[in-house]
Amino acid sequence: MSPELEIQLIAILVATSCALPGVFLILRQMAMMADAISHTILLGIVLAFFITQDLSSPFLIIGAALMGTITVFLVETINKTKLVNEDAAIGLIFPFLFSLGIILITLYASDIHLDVDAVLLGELAFAPFNRLIINGVDIGPKSLYIMLVVLILNILYIGLFFKELKLSTFDSGLAAVLGFSPIFIHYSLMTLVSITAVSAFDAVGAILVLAFMVGPPTTAYLITDNLTKMLILSPIFGILSALSGYWLAIYFDVTIAGTM
């Protein structure tokens, strides 16, 4: 498989994986929460690295997912005081946790591959260099398989909890009366967003993760207000953005992430 094809496949998987949970973020008016999570997971990655001393450790994903959940919890705790609204609470928590991650990298991890610019902007062109080798056999880029697993996880989650997600998104009070747990659905969705963000983090960076989580679902929402159709259209728009962005970047010789 050529590097060009690998880059496009990774981009397609990232776009699709991000667009699916992004639909529910848009419908729940939580688009900025995706921005917060995609940045604050950096702190979770850094703390997990300090514990494991291994950038390839699966505990980095666990640490990032936990930090994403902590971000949501802290934002909602501040919001519940009624002293500030949700966007102001995000504006307090997100820069604080993100800046802590940057400070820790600068002080204690400046000699490892956790460059802040690379983390934010990402570089898809480098994704094929990080290979998955099993028993001495190169079976392709790691990001390709990681994002495939995440995509399957997202599809399974939405498939299993579709009714609960739909009901708690549009009427959380009714969901609670019917015996569903809006709190469980909310935090499990935010955990899924965190896992998706950190999995795509290394390949595409935080900015592109946010773009794929918000852009395609918002575009789909402009066309339809049917949830099922949104879940179909969002990945399609994400894929179109990924492919058109790649070929525009090749044509104009500019950054792939920027054109996507």
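The values are calculated or read from the model by the stated rules, or taken from the named source; none is laboratory data. Since this is a predicted model, take the numbers as computed values, not measurements. Neighbour counts are summed over all protein chains in view; Cβ atoms, including those assigned to glycine, are modelled from backbone coordinates with ideal geometry. Only protein heavy atoms, including side chains, enter the accessible area calculation; ligands, DNA and RNA are left aside. Shrake-Rupley method; radii C 1.70, N 1.55, O 1.52, S 1.80 Å.
Based on this model, can you work out whether G63 counts as closer than 18 Å to V193 by Cβ, in contact (Cβ under 8 Å) with a residue 60 or more places away in the chain and under 18 Å from the mean Cα position of the chain (by Cα)?
Values: closer than 18 Å to V193 by Cβ: yes; in contact (Cβ under 8 Å) with a residue 60 or more places away in the chain: no; under 18 Å from the mean Cα position of the chain (by Cα): yes.
When the stated conditions are applied, G63 does not pass them.
Across region 178-188, what is the number of residues that are in contact with a Ser or Thr (Cβ under 9 Å, 6 or more places away or on another chain) and closer than 19 Å to I61 by Cα?
1
Would you mind finding the one in L174, L231, L189, L151 that is open to solvent by 60 Å² or more (accessible area, probe 1.4 Å) and either modelled with pLDDT of 95 or more or part of a helix (DSSP H, G or I) (or both)? Reasoning before the result, please.
Numbers: L231 fails: open to solvent by 60 Å² or more (accessible area, probe 1.4 Å); L189 fails: open to solvent by 60 Å² or more (accessible area, probe 1.4 Å); L151 fails: open to solvent by 60 Å² or more (accessible area, probe 1.4 Å).
It is L174.
Return the residues of region 223-254 that are of a type outside the set (F, W, Y) and in contact with a Gly (Cβ under 9 Å, 6 or more places away or on another chain); say none if nothing qualifies. Step through it out loud before you land on a result.
As a first pass, look at region 223-254 and keep what is of a type outside the set (F, W, Y): 223-236, 238-245, 248-250, 253-254.
The answer is S234, G238, S241, G245, A249.
Among residues belonging to region 75-85 that are without any contact (Cβ under 8 Å) to a residue 24 or more places away in the chain and not in a loop (DSSP other than H, G, I, E, B), point out the one that is nearest to L25 (Cα to Cα).
Narrowing region 75-85 to residues without any contact (Cβ under 8 Å) to a residue 24 or more places away in the chain: 76-85.
With the extra rule that they be not in a loop (DSSP other than H, G, I, E, B), the set shrinks to 76-79.
Numbers: E76: 15, T77: 19, I78: 19, N79: 17 Å.
Filtering region 75-85 for residues that are without any contact (Cβ under 8 Å) to a residue 24 or more places away in the chain and not in a loop (DSSP other than H, G, I, E, B), the one nearest to L25 (Cα to Cα) comes out as E76.
Look at I232 and say whether it is out of contact with any His (no Cβ under 8 Å at 6 or more places or on another chain), without any contact (Cβ under 8 Å) to a residue 40 or more places away in the chain and within 19 Å of L148 (Cβ to Cβ). Full working, then the answer.
Values: out of contact with any His (no Cβ under 8 Å at 6 or more places or on another chain): yes; without any contact (Cβ under 8 Å) to a residue 40 or more places away in the chain: yes; within 19 Å of L148 (Cβ to Cβ): no.
Criteria not met by I232.
Whether any residue in region 244-252 is assigned to a loop (DSSP other than H, G, I, E, B), over 12 Å from A11 (Cβ atoms) and open to solvent by 50 Å² or more (accessible area, probe 1.4 Å) is what I want to check. Explain how you work it out, then say what you get.
Step one: list which residues in region 244-252 are assigned to a loop (DSSP other than H, G, I, E, B), which gives none.
Looking through region 244-252, none of the residues is assigned to a loop (DSSP other than H, G, I, E, B), over 12 Å from A11 (Cβ atoms) and open to solvent by 50 Å² or more (accessible area, probe 1.4 Å).
Any residue that is touching a residue at least 12 places away in the same chain (Cβ under 8 Å), among the small types (G, A, S), surrounded by fewer than 19 Cβ atoms within 10 Å (Cβ to Cβ) and in a helix (DSSP H, G or I) - is there at least one of those in region 118-125?
Restricting attention to region 118-125, the residues satisfying the condition of being touching a residue at least 12 places away in the same chain (Cβ under 8 Å) are 118-125.
Remaining after also requiring among the small types (G, A, S): 118, 122, 125.
Pick out the ones that are also surrounded by fewer than 19 Cβ atoms within 10 Å (Cβ to Cβ) and you get 118, 125.
This time we only want the ones that are in a helix (DSSP H, G or I), so: 118, 125.
Checking region 118-125: at least one residue is touching a residue at least 12 places away in the same chain (Cβ under 8 Å), among the small types (G, A, S), surrounded by fewer than 19 Cβ atoms within 10 Å (Cβ to Cβ) and in a helix (DSSP H, G or I).
Taking interchain pairs and intrachain pairs at least six residues apart, which have beta carbon atoms under 6 angstrom, with the first residue in region 88-99 and over 11 Å from H39 (Cβ atoms) and the second surrounded by fewer than 21 Cβ atoms within 10 Å (Cβ to Cβ)?
Hits for this filter: A89/I78; A89/N79.
For region 154-171, which positions are touching a residue at least 60 places away in the same chain (Cβ under 8 Å), open to solvent by 60 Å² or more (accessible area, probe 1.4 Å) and farther than 20 Å from A15 by Cα?
K166, F170
Restricting the search to region 204-228, which residues are among the aromatic types (F, W, Y) and open to solvent by 20 Å² or more (accessible area, probe 1.4 Å)? Break it down into steps so the answer makes sense when it comes.
We begin by selecting, within region 204-228, every residue among the aromatic types (F, W, Y); these are 212, 221.
Selection gives Y221 alone.
Assigned to a helix (DSSP H, G or I), in contact with a helix residue (DSSP H, G or I) (Cβ under 7 Å, 6 or more places away or on another chain) and closer than 30 Å to D225 by Cβ: does that describe A88?
Values: assigned to a helix (DSSP H, G or I): yes; in contact with a helix residue (DSSP H, G or I) (Cβ under 7 Å, 6 or more places away or on another chain): no; closer than 30 Å to D225 by Cβ: yes.
In short, no.
Could you please let me know if T40 is buried (at least 24 other Cβ atoms within 10 Å of the Cβ) and at pLDDT 90 or above? Spell out how you get there, then give the answer.
Working: buried (at least 24 other Cβ atoms within 10 Å of the Cβ): yes; at pLDDT 90 or above: yes.
Criteria met by T40.
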